[in-house]
């Protein structure tokens, strides 16, 4: 069987970045084909913690803070629009977010991070450090082990699985074409346009967006770009449903509207192994009980491991490939926070060539220089 | 002999999980060869499901539970004199294989968690009832026939009447006979076996009539039919009621609709391997198109695809209690050989009589598989019926997700939370696979199964946090 089809844009990758971009492109009136892998694949979207998060972003890049901030500003409106389109509630809320520190060492290193990124943060959304007494004043039930926290009032969360589904549902409703269970082999020039080859088929388009997560390096190599991404494992514990008790969001613990509690925030270099390990799970459990002692007798119903898609400097990467006009690359490990940015601003860049100025610094050229 | 929970690194050379026929036989054989063998079992007493409470059933009259039940007492006796150790009430929540540390088992006893290294493991975690998703199956008063039988065996508990049994398969008839002998009144047995199954089963009749099932099974059928109203070729079954079941409605074989009052509806359409532990350990699974379920892939020695893990008994594919015993012994022989206790010739010599007995025990199975193959409509339900009980996901929602492009259960789980509840998809896994396959018009094998992860049983945060650190071989995460 061999098939061909023509469309304005092909998006490669059905994760949060690919589907948000595809939806945005469709909303701009372009015909879009989204190519995706099957049921078993490295899918960071399945392991997402659901934070819509500003407080620790930056890492010395003012552009990244501004980009994140704009996306967070888009969130309420974006969420409402997507719900109107699909009927799916994304559960977005912005109660302010805390990163809790469980030792003086953790508090000191968090303070240092906050100081480092402060110059780039907008005046109305500075991350602040809170001491133990202030944390206890604000949050009921916090354990003795909590020595302080960082806080930002713009932080919030959403139901990231609902976001994922709503983006797919919306794309479908707007007439986007989704083709799962395909592995993209290559992109090739075809006159002034491109062909994307899968096992037996090939698809033509004038533009191609690679949002292929950990698969990006393969395609970057094909167009002469350096390696962009590496995997970083995160593990999450999920508890049974509890009565609502936590209205604010912690970077390490959050309660979903359905009552389950997510416990996470681990970072490991485990190659492409997305399994779970006893030591990390045990550590997550220990920290959770130290943070909120009343969780001690709560049952864990499942655990999860997934691979974050990280660049070498932790910042996102957006680029129209040099010498391949119309071939775009996009990756970021904050695909929930940045979903509105991808659906709105990144999609406009792809569609009309209007690059948001603060994204131009995120090309892969910086990795070439480092190599 | 009952050991207390341990925290030492390697408490045994062989760990057997599950004290049903496969686990008891495996542990007894291995310990009999002088191997340090540890049996972990969730129940307070050995026997598994089939011989549940065999050492302490409150039912005095042996006629109620039948002569087979006593075979379990012999197995327990052999195990107890073998020198194998046992931890009772051990809920195993994790089995993982690490490249450096090898196999590691996490289990809890009375709320205290332990991690142990296990050089070799035999999984004998048995079967579970196949889900029977019909309208109203989540109403209080509707339960699995297997669960009802457990209550009968361990506590002599009988359900509230009016009582209706519905479904297909040997256990349904066995339970009916056990109730009749215990003096319990059954309103009706609604037999959902499709007529066409007889035609499919007929070619396997010769094997069946020479099997131990034949006479026993026919006697049960006759006894049940003589005492209880049996309605054949039932379709369109549903449980009705608001807060709990009040009635059962269905279509009879002659096409007539019927409704009868019911306070209890016991459903059964066969058993399938309990997939959780094998799946979480990473054992490859294949779809069995005859038994309509996922089965761990095992070789002729019952070795799984994970090094050092064997799977014996119904957990490796439904074969019944007698076959389970022999499979347990085969796996133990293979494990002994892997440990160097037996050489190649010794392994084959030990295995020869076991294989012969196993062949006898599996005779007639194909006939039963064909005859009691559950009807399509009771495996792939209509849109309004709940598939995932934990997260309340309907068949219609699943079909909608497939139309959106989901190709398998892991993506429908991401879209719908289907299979994310406390049972981890144990109860909906086969239904979801078959439903997606039907919707996509592809074989179930192409659809795939849930990826499961430990913990496969709920444990508390405090329990996990208190697991002894020394037992965990690895590096901590950066923070």
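The values are calculated or read from the model by the stated rules, or taken from the named source; none is laboratory data. Note that the coordinates shown come from a computational prediction; the quantities given were computed from them, not determined experimentally. In this analysis, Cβ positions are derived from the backbone assuming ideal geometry, glycine residues included, and neighbour counts consider all displayed protein chains.
So the values come out like this:
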quantity: Matching residues, region B:384-416, being on the phi > 0 side of the Ramachandran plot and either buried (at least 19 other Cβ atoms within 10 Å of the Cβ) or touching a helix residue (DSSP H, G or I) at 6+ places or on another chain (Cβ under 9 Å) (or both); calculated: B:405
quantity: The lone exception for residue B:258 - which of (1) surrounded by fewer than 21 Cβ atoms within 10 Å (Cβ to Cβ); (2) at pLDDT below 95 it fails; calculated: (2)
quantity: Scope region A:97-132; condition modelled with pLDDT under 95, surrounded by fewer than 18 Cβ atoms within 10 Å (Cβ to Cβ) and not in a helix (DSSP H, G or I); matching residues; calculated: A:122, A:126
quantity: Selection status of residue B:419, within 10 Å of another protein chain (Cβ to nearest Cβ) and surrounded by 22 or more Cβ atoms within 10 Å (Cβ to Cβ); calculated: yes
quantity: Boolean, residue B:284 is surrounded by fewer than 17 Cβ atoms within 10 Å (Cβ to Cβ) and not assigned by TED's automatic domain parsing to the domain that holds residue B:186; calculated: yes
quantity: Residue A:175 vs. criteria within 14 Å of chain B (Cβ to nearest Cβ) and surrounded by fewer than 15 Cβ atoms within 10 Å (Cβ to Cβ); calculated: yes
quantity: Residues being assigned to a strand (DSSP E or B), surrounded by 18 or more Cβ atoms within 10 Å (Cβ to Cβ) and within 14 Å of chain A (Cβ to nearest Cβ) - total across region B:98-121; calculated: 11
quantity: Residues within region A:299-316 that are facing another protein chain (nearest Cβ under 8 Å) and either within 20 Å of the chain's Cα centre (by Cα) or crowded, with 21+ Cβ neighbours inside 10 Å (or both), tallied; calculated: 6
quantity: Hits in region A:222-248 - residues which are surrounded by 17 or more Cβ atoms within 10 Å (Cβ to Cβ), away from chain B (no Cβ under 14 Å) and within 28 Å of residue B:423 (Cβ to Cβ); calculated: A:246
quantity: Positions within region A:146-164 being part of a helix (DSSP H, G or I), crowded, with 24+ Cβ neighbours inside 10 Å and in contact with a helix residue (DSSP H, G or I) (Cβ under 7 Å, 6 or more places away or on another chain), in sequence order; calculated: A:163, A:164
quantity: Qualifying residue in region A:269-278 (condition: surrounded by fewer than 19 Cβ atoms within 10 Å (Cβ to Cβ), assigned to a loop (DSSP other than H, G, I, E, B), under 22 Å from the mean Cα position of the chain (by Cα) and more than 14 Å from every other protein chain (Cβ to nearest Cβ)); calculated: no
quantity: Condition met for residue A:30 (assigned to a loop (DSSP other than H, G, I, E, B), within 13 Å of the chain's Cα centre (by Cα) and more than 11 Å from chain B (Cβ to nearest Cβ)); calculated: no
quantity: So residue A:309, is it part of a loop (DSSP other than H, G, I, E, B), closer than 22 Å to residue A:20 by Cβ, in contact with a helix residue (DSSP H, G or I) (Cβ under 7 Å, 6 or more places away or on another chain) and modelled with pLDDT of 90 or more; calculated: no
quantity: Checklist (1) touching a residue at least 40 places away in the same chain (Cβ under 8 Å); (2) more than 13 Å from the chain's Cα centre (by Cα); (3) part of a helix (DSSP H, G or I) applied to residue B:287, failing item; calculated: (3)
quantity: Close pairs from region A:97-112: first within 12 Å of chain B (Cβ to nearest Cβ) and free of Cβ contacts under 8 Å to residues at least 40 places away in the same chain, partner part of a strand (DSSP E or B) and surrounded by fewer than 14 Cβ atoms within 10 Å (Cβ to Cβ), Cβ under 7 Å, at least 6 apart; calculated: none
